[in-house]
Amino acid sequence: MTDGTLAVYAPLAWFGSGRMVRDAAVVVSGDEVVFAGAAGAAPGAEQVIELDGFLMPAAADRHVHIGAVDPAVVLAGGVTAVRDMGWTPDEIFSLADASEMPTFNGPLIRAAGPILTEKGGYPFATRWAPEGTGREVADPEAAVATVHQLAHKGAAHIKVALNTEDGPTVSDATLAAITQTAGELGLPVAVHAQGPGQAERALGAGVSELAHTPWTDRLPDSTLEAMAKTLRIVSTLDIQSYGRDTPEIRTALDNLRRFAQAGGRVLYGTDLGHGDIPPGIHVRELLLMREAGLGVEQVLEALIRSPLEEGAPADILGLAENPFERFDAFGELIMVLRAGRIAVATASDE
Ligand SMILES: [Zn+2]
């Protein structure tokens with residue numbers, strides 16, 4: 001292939017909220033979209049793909065531990081960008097740097113580095129991640145220094161554990177120092193909230209995100225309405241049940257349903273690499289989001305990295321079928337484009 005322009009034509013496309021287009025085309029130049037619209041209006045391109053299927057933006061998984069899986073399989077499964085939510089910094093920041101290179105066979109990786117926690121707190125007491133995945137912050141001064149250090153190393157966001165079921169948690173003063181310092185540096189703060197009252201603590205501290213849909217207790221409507229105004233929730237529903245019926249999934253679905261009804265922003269995330277989750281777009285996670293009351297378009301909005309429009313990253317999927325008609329269409333990918341490069345193609349390539 002050339003590193004010039006590439007046009008993808010499809011009989012039907014969804015570019016983003018409210019933008020379903022028949023006889024559509026997307027033209028990319030290098031790693032960027034330069035046109036997304038009606039095929040008749042598309043500029044010429046050096047290379048053309050006629051997609052016999054449905055075209056849409058590629059997926060982002062906003063909660064992974066990519067060091068535990070094969071990035072190539074994640075990309076082949078339609079996920080072109082991931083956010084790593086906790087890993088040993090020496091490994092993850094260099095992997096994130098490598099993911100920027102055209103030669104990297106995997107999704108673009110944005111990483112938090114280690115999970116900030118209290119001495120002996122989560123994830124120290126659990127054994128799922130390598131040493132270095134937790135970073136003790138003893139007091140507000142240590143919190144300020146640690147957040148600055150992580151930002152310097154390339155952290156794209158900050159992850160904090162508020163998990164009273166697996167050890168002690170940081171003090172409110174330390175939590176405040178983390179959120180304030182991260183805010184000054186322009187870094188979102190994502191919290192693992194587990195145990196009674198911890199999601200409320202995260203809300204009170206003004207964090208940007210809950211890294212999981214709260215599952216330990218049913219939150220009051222008023223709490224979810226307040227959350228809907230100030231933070232996002234990363235879904236990670238399937239890790240509560242793996243296809244079974246559990247009290248945890250019932251509580252999580254109940255919370256997410258009311259959060260979304262209140263206008264809260266839901267993001268697709270699976271906890272890939274920690275939970276026993278298959279790499280690539282995980283259809284059961286999407287089905288659970290539907291069960292939480294999200295419409296098909298809402299699920300797609302939560303799933304995609306970015307709408308397809310001029311200036312957007314050239315990350316595009318081809319599906320064999322239209323997901324608005326057959327929701328499990330994500331199980332049959334016929335094209336994956338990341339940064340303008342073809343990762344998967346079963347369509348004809350002229
Ligand atoms: Zn996780």
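Brief remarks on what is shown
- Surface per residue (accessible, 1.4 Å probe) for segment 90-180, Å²: 45
- Most fluctuating residue given options Gly243, Gly318, Gly132, as computed from a GNM of the chain linking Cα atoms under 10 Å: Gly243
- A Förster distance of 45 Å, applied to the separation of the beta-carbon atoms of Ala173 and Ala68, puts the FRET efficiency at 0.85.
- For Glu309, neighbours were defined as the other residues whose beta-carbon sits under 12 Å from its Cβ, and their charges (Lys and Arg +1, Asp and Glu -1) total -1.
- At most 11 other Cβ within 10 Å, DSSP loop - trypsin sites (Lys or Arg not before Pro), segment 10-74: none
- Note on Glu118: accessible area approximately 40 square angstrom, rounded to 10, probe 1.4 Å, nucleic acids and ligands left out.
- Backbone HN-Hα couplings from phi across segment 322-335 [Karplus 6.51/-1.76/1.60, Hz, Gly and Pro as x]: 7, x, 6, 9, 10, 5, 7, 4, 5, x, 10, 8, 10, 7
- Our summary gives segment 232-350 a relative contact order of 20 percent, counting only alpha carbon pairs under 8 angstrom and 6 or more residues apart.
- Using the Cβ of Gly195 as centre and a radius below 10 Å, the other residues enclosed give a net charge of -2, where K and R count +1 and D and E count -1.
- Val144, Val191, Val21, reordered so the largest accessible area comes first (probe 1.4 Å): Val144, Val21, Val191
- About the Cα centre, charge dipole magnitude for segment 218-279 (Lys/Arg +1, Asp/Glu -1 at Cβ), debye: 260
- FRET efficiency, Asp31 to Tyr242 (Cβ-Cβ, R0 25 Å, nearest 0.05): 0.10
- Sites Ala145 and Glu332 - FRET efficiency at Förster radius 45 Å, r taken between beta-carbons, to 0.05: 0.40
- Projected area, mean over directions - segment 62-132, Cα convex hull, nm²: 4.7
- Cleavage-rule hits, trypsin sites (Lys or Arg not before Pro), segment 116-177, DSSP coil, Cβ neighbours within 10 Å at most 12: Lys119, Arg127
- Other residues within the sphere of radius under 14 Å centred on the Cβ of Val283, judged by their own Cβ, net out at -4 (K and R +1, D and E -1).
- Its Cα gyration tensor gives the chain an equivalent ellipsoid. The semi-axes, each the square root of 5 times an eigenvalue, are 36, 22, 17 Å from largest down.
- Label positions at Arg22 and Ser306, each projected 7 Å from the Cα along the C-beta direction, are separated by 3.0 nm.
- Within a Gaussian network of the chain (alpha carbon springs, distance under 10 Å), most fluctuating of Ser222, Ser171, Ser306: Ser222
- Relative contact order [Cα under 8 Å, 6+ residues apart], the chain, whole percent: 21
- Taking 7 Å steps out from each Cα toward its Cβ at Thr126 and Ser94 produces label points 2.7 nm apart.
- Rolling a 1.4 Å probe over the protein heavy atoms leaves Leu287 with an accessible area of roughly 80 Å².
- Equivalent-ellipsoid semi-axes of segment 1-131, from the Cα gyration tensor, Å, largest first: 38, 16, 11
- The chain: DSSP helices with Cα axial extent of at least 30 Å and average Kyte-Doolittle hydropathy no lower than -1.0: none
- Listed residues Ile158, Ser235, Pro168: farthest to the positive end of the dipole of the chain (Cβ charges): Pro168
- Rounded to the nearest 20 debye, dipole of the chain from Cβ charges on Lys, Arg, Asp, Glu: 640
The values are calculated or read from the model by the stated rules, or taken from the named source; none is laboratory data. Bear in mind the structure is a predicted one, so any value in this text is a computation, not a measurement. Because the Cβ atoms are built from the backbone with ideal geometry, glycine has one as well, and the counts that use them run over all protein chains shown. To get the accessible areas, we keep the full protein, side chains included, count just its heavy atoms, and leave off ligands, DNA and RNA. Shrake-Rupley method; radii C 1.70, N 1.55, O 1.52, S 1.80 Å.
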